[in-house]
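Worksheet: one structure, shown below.
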Amino acid sequence: MITPLDDFLAATVRTATPLALAALGECLTERSGVINIGLEGAIICGAFGATVAAGTVAATAGGALGLTAGFVIGAAAGAVIALLFALFTVWWRADQIITGTAITLFSLGLTGLLYKTVYGATGVGLTLPTLDAWAIPGLSALPVIGRALFAQPLITYALYLFVPWLAWWFARTHAGLALRATGESPDAALAAGVSPRRVQLLATVAGGTLAGLAGATLVLAQSGTFVEGMSAGKGFIAIAIVVLGRWSPRGVAAAALLFGGASALQYLFQSLGWTGVPYQLFLALPYVLTLLVLARASARSRAPAALARRELTLS
Amino acid sequence: MAALSAPAERPAALALRGVTKRFGDVVALDDVSLDVRAGTVHALLGENGAGKSTLMRVAFGLLAPDGGSISLAGVPCTPPFTPRDAMARGLGMVHQHFSLVAAMTVAENVALGAAGRYDAAKVASTVRAIGDRTGLVLDPAARVGDLPVSAQQRCEIVKALARDVRVLILDEPTAVLAPDEAQALLRWVRAFADSDPSHAVVLITHKLRDALAVADDITVLRRGVRVAHGPVAQFTEASLADAMLGPGERSSRVDAEVREAHTPRAPAADQAREGRDVLHAHQVVIRDTEGITRVRDASFTVHAGEIVGLAAVEGSGQHALLRAMAGLLPVAAGRLQSPTDVAFVPEDRHRDALLLDASLTENLALRDAGRRSGQLPWRTLAERTTALLSARDVRAAGATAIARTLSGGNQQKFVLARALDDAPSALIVENPTRGLDFRATAAVHDALRAARDAGLAVLVYSSDLDEVLAVADRVLALHDGVVHEVARERDTVGRAMLGVVSDASIANTERVTFATRTPSPGASA
């Protein structure tokens with residue numbers, strides 16, 4: 001029997017998946033000393049790229065290939081937008097906050113325009129394959145957590161592996177060491193023979209790739225369609241998640257679950273029949289949580305020392 | 001220079017030929033050559049801005065030269081030549097400002113720059129092995145930011161040695177160290193050069209004493225030109241000073257300054273004793289904004305008409321102590337007496353004392369800006385600025401000159417002039433001559449003495465012990481948050497800075513002073 005709690009927990013993990021993807025990408029980027037406020041733009045471009053690719057390929061080659069193409073092109077679209085951001089901020093050392101804001105606004109406008117151009121104002125004729133939940137036999141029958149953790153789409157399972165891998169990569173590889181050193185002290189990294197520009201460029205593009213995947217997940221594993229502005233601030237929430245998660249992959253994953261839970265509360269209250277409370281209140285909850293987190297958590301935790309610094313080297 | 005061209009010798013460990021480097025219109029290096037023989041220590045001497053660090057940054061691949069060539073062990077370094085190439089060829093550089101990541105461990109810093117999997121245990125054993133071999137002992141798991149400066153420097157050297165560096169460039173390595181630590185480092189440098197015929201060290205310094213003590217060869221730069229070079233036996237302290245300062249520039253005043261810096265004066269504070277006590281601390285405890293106790297026990301007095309020097313190794317609590325004396329930090333316990341009109345000159349004039357892109361008049365108006373309100377009397381301020389510039393010998397285009405356009409020495413003279421403008425009763429200065437050349441330093445010292453003679457109580461902290469000894473009438477040593485008054489002798493102060501204080505070396509005066517001032521409300525002094 002499926003209880004409202006099961007539904008709530010499953011919705012929590014489902015909602016947390018794209019948030020975690022984008023936030024892990026941002027975590028990777030920020031550890032190199034770059035804060036990509038254009039994350040929202042990478043998500044919406046990923047979502048649109050996934051829509052076009054999945055729709056086109058699925059029409060001729062079938063759903064499975066369509067899904068693959070959707071995720072690949074979605075990730076690539078996020079990478080391209082991040083590359084554009086990196087060109088300005090990492091290469092030409094433009095201000096990261098202003099550039100990121102411009103990239104986000106540009107991406108929202110561009111995807112809206114392209115959507116109308118390709119599919120018309122109503123989106124008629126837009127049919128997409130979707131990545132359905134795949135319950136792992138046995139595990140998904142566990143009480144309470146079974147359905148929440150083990151009856152999810154494949155992309156969620158991929159995250160279960162990616163989070164510990166990323167933590168290992170940060171701590172146990174020289175590339176991870178070089179990335180963290182660049183975020184703390186580009187001067188020291190340079191003196192040690194690391195190229196801070198190259199590290200920041202790669203970290204930003206990798207972060208954009210994950211944000212693109214987050215966009216693809218929104219379309220292909222959740223809503224099943226593209227809507228203008230469907231990223232709905234998830235990029236900014238992901239940035240708050242990185243702060244709450246204290247720039248560690250496991251912390252970020254846990255913080256993403258918390259925000260996922262806040263978003264999923266609306267389903268819980270609906271299923272409990274609490275119709276007296278306006279649903280907009282629950283929609284606002286993640287954003288209120290974001291504000292509180294940024295005000296409280298950032299005072300206590302320490303960001304990479306060179307985060308958002310324009311001058312690459314001080315001497 | 002026969003030694004340099006002896007036949008049957010190995011090729012120079014590092015050779016620079018005719019290196020020229022321009023920054024815009026400024027020629028930083030003009031046709032400079034340098035031969036570092038294998039198995040030797042080579043001192044590169046010069047004043048601030050003479051081009052020592054620039055030359056070595058070229059050698060290390062951090063700057064591309066506009067002309068000339070570099071070779072390592074006889075093999076030319078062809079451009080593009082990067083630090084990575086330099087290290088691969090066995091050349092390492094320890095910068096004056098360390099290139100360490102404070103948030104990372106010693107092992108992580110040592111491993112930085114390699115490729116593949118990072119094995120913390122393996123790197124830790126490398127760090128320990130280097131410690132056993134060379135005496136540069138470090139805890140691989142310690143966070144670099146928590147280490148004292150001397151250990152951070154060891155970490156930099158170990159970082160280089162871990163990459164099998166054989167030619168080591170040390171940029172002003174003793175500047176941040178207490179005298180005993182500096183001696184230990186120089187001994188280590190000597191031993192490193194002697195331990196293997198392929199080893200060599202370039203010691204960048206402006207301290208004649210260090211160069212003469214440890215080097216085999218010396219090269220002197222002045223304004224980007226090589227003005228002297230040869231084996232150490234050719235030089236004396238006087239001839240090196242002549243070479244560094246140039247003909248006719250070694251004026252009697254500078255001469256006096258050199259003498260003063262190198263020969264301790266007898267304590268001459270008897271008259272000062274008679275001055276009223278202006279700054280007074282009794283068993284003061286200070287915590288910084290993060291709640292960490294920086295000063296555990298400070299008891300001392302600064303009288304009107306004397307300069308008291310504070311000597312300390314970086315991170316001993318001087319930062320907090322000076323700010324508390326200036327009324328900028330509260331004390332957690334104890335009694336602190338400080339007049340409201342105390343003037344404070346912080347060490348980082350660019351960050352804390354000046355708006356670099358504002359005019360001198362605007363910079364003058366900034367003083368006490370938080371305490372004033374209403375309209376600004378610009379005309380009066382401009383007149384006051386003009387008067388200050390001429391009265392204090394600040395070389396500037398005028399009151400409207402932008403602060404950035406002044407030389408470092410004139411910026412500092414302006415900051416001092418501004419601090420003294422209101423005729424304060426006390427002056428507290430922190431590293432007043434950091435980054436200044438010889439003449440500017442002398443001018444700042446004169447200004448401090450003039451303030452003393454005008455009856456101010458002056459407290460001077462400098463990370464350079466010789467500067468403390470040069471200007472101070474009495475000396476306080478601060479170690480690990482505890483202040484001791486010590487005799488004004490280089491060795492005594494040096495030991496006290498490191499916490500090696502024997503009762504005999506503490507000046508009796510301190511106890512006498514405090515015996516009469518022990519707080520007993522009933523007694524009237």
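The values are calculated or read from the model by the stated rules, or taken from the named source; none is laboratory data. Since the structure is predicted, the reported quantities are computational estimates derived from the model, not experimental observations. Cβ coordinates were reconstructed from backbone atoms using ideal geometry, including for glycine residues, and neighbour counts include every protein chain displayed.
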*Just wondering, is there one or more residues in the range B:103-111 that are in contact with a Gly (Cβ under 7 Å, 6 or more places away or on another chain) and within 13 Å of chain A (Cβ to nearest Cβ)?*
yes
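Condition check ((1) touching a His at 6+ places or on another chain (Cβ under 8 Å); (2) in the same structural domain as B:L436 (by TED's automatic domain parsing); (3) not acidic (D, E)) across all residues:
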site: B:R17; (1), (2), (3): no, no, yes
site: B:R22; (1), (2), (3): no, no, yes
site: B:R37; (1), (2), (3): no, no, yes
site: B:M56; (1), (2), (3): no, no, yes
site: B:G68; (1), (2), (3): no, no, yes
site: B:P83; (1), (2), (3): no, no, yes
site: B:A111; (1), (2), (3): yes, no, yes
site: B:D119; (1), (2), (3): no, no, no
*asked:* Given the criteria at pLDDT below 95 and on the phi < 0 side of the Ramachandran plot, does A:A10 qualify?
replied: yes
*asked:* Whether any residue in the range B:288-299 is touching a Lys or Arg at 6+ places or on another chain (Cβ under 8 Å) and surrounded by fewer than 19 Cβ atoms within 10 Å (Cβ to Cβ) is what I want to check.
replied: yes
*Given the conditions (1) crowded, with 19+ Cβ neighbours inside 10 Å; (2) touching a Ser or Thr at 6+ places or on another chain (Cβ under 8 Å); (3) more than 16 Å from B:G135 (Cβ to Cβ), report the number of the one that B:A162 does not fulfil.*
(3)
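Quick one: is A:L139 over 25 Å from the mean Cα position of the chain (by Cα), surrounded by fewer than 16 Cβ atoms within 10 Å (Cβ to Cβ) and farther than 25 Å from A:E40 by Cβ? Walk me through it before giving the result.
Values: over 25 Å from the mean Cα position of the chain (by Cα): yes; surrounded by fewer than 16 Cβ atoms within 10 Å (Cβ to Cβ): yes; farther than 25 Å from A:E40 by Cβ: yes.
Considered against the rule, which asks whether it is over 25 Å from the mean Cα position of the chain (by Cα), surrounded by fewer than 16 Cβ atoms within 10 Å (Cβ to Cβ) and farther than 25 Å from A:E40 by Cβ, A:L139 comes out as yes.
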*Exactly one condition in (1) free of Cβ contacts under 8 Å to residues at least 40 places away in the same chain; (2) on the phi < 0 side of the Ramachandran plot is not met by A:T290; state its number.*
(1)
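Criterion first (buried (at least 21 other Cβ atoms within 10 Å of the Cβ), within 25 Å of A:I103 (Cα to Cα) and within 14 Å of chain B (Cβ to nearest Cβ)) does A:A306 satisfy it? So that I can check it myself, show each step before the final result.
Details: buried (at least 21 other Cβ atoms within 10 Å of the Cβ): yes; within 25 Å of A:I103 (Cα to Cα): yes; within 14 Å of chain B (Cβ to nearest Cβ): yes.
Yes.
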*Would the range B:118-131 turn up any residue that is more than 8 Å from every other protein chain (Cβ to nearest Cβ) and under 25 Å from the mean Cα position of the chain (by Cα)?*
no
*Is there a residue being under 15 Å from the mean Cα position of the chain (by Cα) and of a type in the set (F, W, Y) anywhere in the range B:412-435?*
no
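Whether any residue in the range B:39-49 is part of a strand (DSSP E or B), among the hydroxyl-bearing types (S, T, Y) and more than 14 Å from chain A (Cβ to nearest Cβ) is what I want to check. Lay out the reasoning, then the answer.
Filtering the range B:39-49 for residues part of a strand (DSSP E or B) gives B:41-45.
Now narrow it down to the ones that are among the hydroxyl-bearing types (S, T, Y): none.
For the range B:39-49, residues part of a strand (DSSP E or B), among the hydroxyl-bearing types (S, T, Y) and more than 14 Å from chain A (Cβ to nearest Cβ): absent.
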*asked:* I'd like to know if the range A:83-98 contains one or more residues that are free of Cβ contacts under 8 Å to residues at least 40 places away in the same chain and among the hydroxyl-bearing types (S, T, Y).
replied: no
_Go through the range B:209-230 and report how many residues are surrounded by fewer than 23 Cβ atoms within 10 Å (Cβ to Cβ) and in a helix (DSSP H, G or I)._
5
*Where residues in the range A:109-128 are crowded, with 18+ Cβ neighbours inside 10 Å and part of a helix (DSSP H, G or I), which of them is modelled with the highest pLDDT?*
A:T111
*asked:* Take the conditions crowded, with 20+ Cβ neighbours inside 10 Å, within 14 Å of chain B (Cβ to nearest Cβ) and touching a residue at least 60 places away in the same chain (Cβ under 8 Å) and apply them to A:L213. Does it pass?
replied: no
*Across the range A:148-174, what is the total count of residues that are within 14 Å of another protein chain (Cβ to nearest Cβ), under 19 Å from the mean Cα position of the chain (by Cα) and β-branched (V, I, T)?*
0
